[in-house]
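Q: Pasting a structure below so you can have a look.
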Amino acid sequence: MQPNPEVPLNKTAKAPAIMARGLTKRFGRTVALRDVDLEVAEGEVHVLAGHNGAGKTTLFRLILGLLRRDGGVLKVLGVDPQDPMWPSVLRYVGYVPEDAQPYERLTGYEYLRFFAKVYTSDAEEADKMMSWTVQIAGLSDADLRRKAGEYSNGMKKRLMIARALMHRPRLVLLDEPTNGLDVFAAHEVRELIKGLSRIGTTFLIATHNMAEAQYLADRVTFLAYGKVVATGTVKELLEVYGASDLEEAFVRAVRSSGGQP
């Protein structure tokens, strides 16, 4: 039986971190997202997997309140991002865009200290944030004393993810977290995400890398041409589509839904 995006997703014991129903976004005559249903449970790693141009980044921007939707219902940590109280909820959300870069003229320590002061004016609290973030980054004292512009791509990504987690958010959004990284750097970033998920951090990760999705995800949502074509655990999706891996399952899901190619 094929997963049906029109059917409510699996219920969880806790209220979902993200709940979207019938979410639609247009840019002029172009429909970027059409009737998207999504549910991300508290504490899970949920991967939004799809081709380039599927609508993943647009969905992230709606979730963050950076764009206004044209239809549907959306709740993030129980609040509509279009609600006036949304800015007060953003403190519980971390985000790393695909093309994000640290301030290259600052050392790693200076970069993290800058954001600690953004989050709090209390010096003791800022020190605690710094200590926590340095542990997450997994960079040596010598590395953190170097300018971020001297870092490898993998080190920069670790620093950015650590910064996004500095204020201990309940929900973290990562857009293509390993795109452009070599195999070793990508492995380090994935292991960082895995480790953080074990302490209860909720992740929504957008990627076109199906092998990455298969490795990281508690659950996966396939997004193609602005529509959800399937949602489930990796095991469920492989079984439903008779596939040996998630890439094959994605292709079969898109084709069976009437999408391209």
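Q: Listed residues Val234, Val220, Val254, Val172; which is in contact (Cβ under 8 Å) with a residue 12 or more places away in the chain and touching a Phe, Trp or Tyr at 6+ places or on another chain (Cβ under 6 Å)?
A: Val172
Q: Then there is this: Filter segment 213-261 down to the residues that are in contact with a helix residue (DSSP H, G or I) (Cβ under 7 Å, 6 or more places away or on another chain) and acidic (Asp, Glu), then identify the one that is nearest to Val47 (Cα to Cα).
A: Glu247
Q: Between Asn153, Asn179, which is in contact (Cβ under 8 Å) with a residue 60 or more places away in the chain and farther than 29 Å from Val79 by Cβ?
A: Working: Asn153 fails: in contact (Cβ under 8 Å) with a residue 60 or more places away in the chain.
Just one listed residue meets the conditions, Asn179.
Q: Could you tell me whether Arg252 is surrounded by 16 or more Cβ atoms within 10 Å (Cβ to Cβ) and at pLDDT below 95?
A: no
Q: Scan segment 189-215 for residues that are more than 18 Å from Arg170 (Cα to Cα) and of a type in the set (A, V, I, L, M, F, W, C) and jot them down.
A: Val189, Met210, Ala211, Ala213 - these are the residues of segment 189-215 that are more than 18 Å from Arg170 (Cα to Cα) and of a type in the set (A, V, I, L, M, F, W, C).
The values are calculated or read from the model by the stated rules, or taken from the named source; none is laboratory data. Keep in mind that what you see is a predicted model, and the values were worked out from it rather than measured. In this analysis, Cβ positions are derived from the backbone assuming ideal geometry, glycine residues included, and neighbour counts consider all displayed protein chains.
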